[in-house]
1. Just wondering, is there one or more residues in region 95-110 that are open to solvent by 10 Å² or more (accessible area, probe 1.4 Å), over 19 Å from residue 360 (Cβ atoms) and free of Cβ contacts under 8 Å to residues at least 12 places away in the same chain?
2. Say whether the condition of being within 16 Å of residue 316 (Cβ to Cβ) and either open to solvent by 10 Å² or more (accessible area, probe 1.4 Å) or out of contact with any Lys or Arg (no Cβ under 6 Å at 6 or more places or on another chain) (or both) is met by at least one residue in region 133-154.
3. Collect the residues in region 233-267 that are without any contact (Cβ under 8 Å) to a residue 12 or more places away in the chain, more than 16 Å from the ligand (Cβ to nearest atom) and either hydroxyl-bearing (Ser, Thr, Tyr) or part of a strand (DSSP E or B) (or both), keeping them in residue-number order.
4. For region 472-492, enumerate the residues that are free of Cβ contacts under 8 Å to residues at least 40 places away in the same chain and part of a loop (DSSP other than H, G, I, E, B).
5. Counting just the residues of region 1-44 that are more than 16 Å from the ligand (Cβ to nearest atom) and within 16 Å of residue 107 (Cα to Cα), which one comes out most open to solvent (accessible area, probe 1.4 Å)?
6. Return the total of residues in region 464-504 being among the small types (Gly, Ala, Ser) and loosely packed, with under 13 Cβ neighbours inside 10 Å.
7. Could you look through region 45-56, keep only residues that are of a type outside the set (S, T, N, Q) and open to solvent by 10 Å² or more (accessible area, probe 1.4 Å), and pick out the one that is farthest from the ligand (Cβ to nearest atom)?
8. Looking at 304, 351, which is the one that is within 16 Å of the ligand (Cβ to nearest atom) and open to solvent by less than 40 Å² (accessible area, probe 1.4 Å)?
Amino acid sequence: MPTIPKRVYGIDLGTTYSAIAFINEHGKAEIITNSDNERVTPSVVFFESENNIIVGKIAKESAKTDPNRVVDFVKRQMSDKDWTFSVDGKMFKPEEISSFILKRLAEDAKKTGDHDVQDVVITCPAYFGDLERERTRQAGKLAGLNVIEILDEPVAAALNYGLNDDAKGKNVIVYDLGGGTFDVTVVSIGEEPSKNEIKIICTEGNHQLGGKDWDDCIVRYFVAEFQNQTGNNANILEDQETAYDLRFNAETDKKMLSNKGKITRKVMFEGDKAIVELQREKFDEMTAGLLDQTFALTDKVLEEAKVRGVTEIHAFLLVGGSTRMPQIKEKITEKYGATLGVTPVEFDVDEAVAKGAAKSGEINILQQAANDGTTKFEEMTQEQQKEKVEEIAEASGKTEEEVLLAVKTKLKKVATKSYGIRALKGGQPIVRNLIIKQTPVPTKGSQTFGTAGPNADEIDLVVFSNNESEADALTEVSEELGQAVFPLDGNLPAKAPIEITFELDEQGSLTLVGLDKMHGKTITANFKAEGVMNEEEFNVALEKQRDLVVE
Ligand code: AMP
């Protein structure tokens, strides 16, 4: 029996705020408060000096005085292959910036006890593709962590909810509106406690939609009101300090509007002053379009769920800090209350994701321990299973009941994107999807191609992902992931059949396999999503971090 880590940490690496949790000795997920005594840490990084990096509250405040040394919303850049942040003559990629946030969370966790912070589960939005997931994993590695899983945020939230007794046998819609992203997912929670099954039916999302967009509406309102009242038509957002103040105040005011009917704010620029009032009704009206965007995706996911046999929804779960805005609950009740027969409920709004991730981490290591021998747990006799559970309980410090529940828990996920290759249809380039979005994972899809000419020594394919549910998608709506090169023997005739298979695992990782059908020979593709650091680049990034202190 290998040693089982005593603690696995769950990290919600959020766009605006991040959180870290673990499972305590009573089997409950617990959030770790940071050194500012807060349960969430702003995902903001401040390069205070060449060697000193500050993450969190102080970094957020520093954006006012040192905007060029502060990075926020870096999660929105994870899909941008070319984005870098330059400071002190150095360039940092999104995964490097993210690694500083992870380091800070790990440091805070270390301070709470004598536990080493090593094994972690990090969450990401469900619709993050291969590139963003791999970058998130590398961010963890750069932070010196052992990333045992990259888990979808809605899966983590559902897991946190689904392990409650009153969730059993329910179909749940998880509406997760965070600071920068929106996810909506239909989940089915198994009835039989012994099975403890949590099944993702389908999921939709928009990673450019979140609380920040509500803040931006307030900022625009401040600017327009300032111009109206003062007649000063300068674009006050061009002044960095003023822009910072307005954005910072907009978030504060938005939160206040969750509890009050009205806010008043002084806006000053170039000696001109405006007193701006904002009523909650007006705020709701200004942001109605944003809410509608979330509802369009919610409708879509409910339709998808129907197609997949889930016609009844038993619970409407609200997750993410932005669901605290009263308009969300009100409008959901108005729109879906009657049709679905459910009222939205808040459940661990800020903490569900980190807690679910910690739970998943625990399940993961206990399942690994149960299956690490020559016989898989499921194939063991009852007697062997009992012995194994006793053994794991002793090694892990968990009760036998907890071990059994974890070992039997099944998380069933779906593909959150379609994956395909460039092909020609009627002479036009299209993307032929081999894996279709919302298919349960692990899954695979194949297509056979003929080699172009005789004695070809390789087949080159361009790999894409998209959000389409059809076999064929337009290249314009697809994102190019990279090239896959299949080396061939070189002695094949023209049109020799080569079968290409895409395999997508439960972690969302894509593997490409080729088969030379004439020789029955498997060809291993050399495929890596473009934009992911190779070993050399990773080592350079690691070296760059050597002299940096993160606090
Ligand atoms: P999360 O990514 O789940 O941590 O959510 C962060 C987002 O929730 C940010 O945009 C916050 O401004 C927003 N938020 C947190 N508390 C409130 C509140 N009381 N009212 C409105 N928005 C909030």
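The values are calculated or read from the model by the stated rules, or taken from the named source; none is laboratory data. Predicted model, so just to flag it, every value in this text is computed and none were measured. Reconstructed Cβ throughout: ideal geometry from the backbone, glycine too, with neighbour counts over all protein chains shown. Please note that ligands, DNA and RNA were not included when accessible areas were found on the heavy atoms of the full protein model with its side chains. Shrake-Rupley method; radii C 1.70, N 1.55, O 1.52, S 1.80 Å.
1. Yes, region 95-110 has at least one match.
2. Taking region 133-154 first, the residues within 16 Å of residue 316 (Cβ to Cβ) are 154.
Right, trim to either open to solvent by 10 Å² or more (accessible area, probe 1.4 Å) or out of contact with any Lys or Arg (no Cβ under 6 Å at 6 or more places or on another chain) (or both) and you get 154.
There is at least one residue in region 133-154 that is within 16 Å of residue 316 (Cβ to Cβ) and either open to solvent by 10 Å² or more (accessible area, probe 1.4 Å) or out of contact with any Lys or Arg (no Cβ under 6 Å at 6 or more places or on another chain) (or both).
3. 266, the sole residue that qualifies.
4. Matches in region 472-492: 488, 489, 490, 491.
5. My answer is 37.
6. In the first step, residues of region 464-504 are kept if they are among the small types (Gly, Ala, Ser); the result is 465, 469, 471, 473, 478, 482, 484, 490, 494, 496.
Filter once more, so that each one left must be loosely packed, with under 13 Cβ neighbours inside 10 Å: 490, 494.
Total satisfying the criteria: 2.
7. Kept after step one, since they are of a type outside the set (S, T, N, Q), are these residues of region 45-56: 45-48, 50, 53-56.
Cutting the leftovers down to open to solvent by 10 Å² or more (accessible area, probe 1.4 Å) gives us 46, 48, 50, 54.
Numbers: 46: 19, 48: 24, 50: 30, 54: 20 Å.
Restricting to residues being of a type outside the set (S, T, N, Q) and open to solvent by 10 Å² or more (accessible area, probe 1.4 Å), the top hit is 50.
8. Working: 304 fails: within 16 Å of the ligand (Cβ to nearest atom).
Going through 304, 351 in turn, just one is within 16 Å of the ligand (Cβ to nearest atom) and open to solvent by less than 40 Å² (accessible area, probe 1.4 Å): 351.
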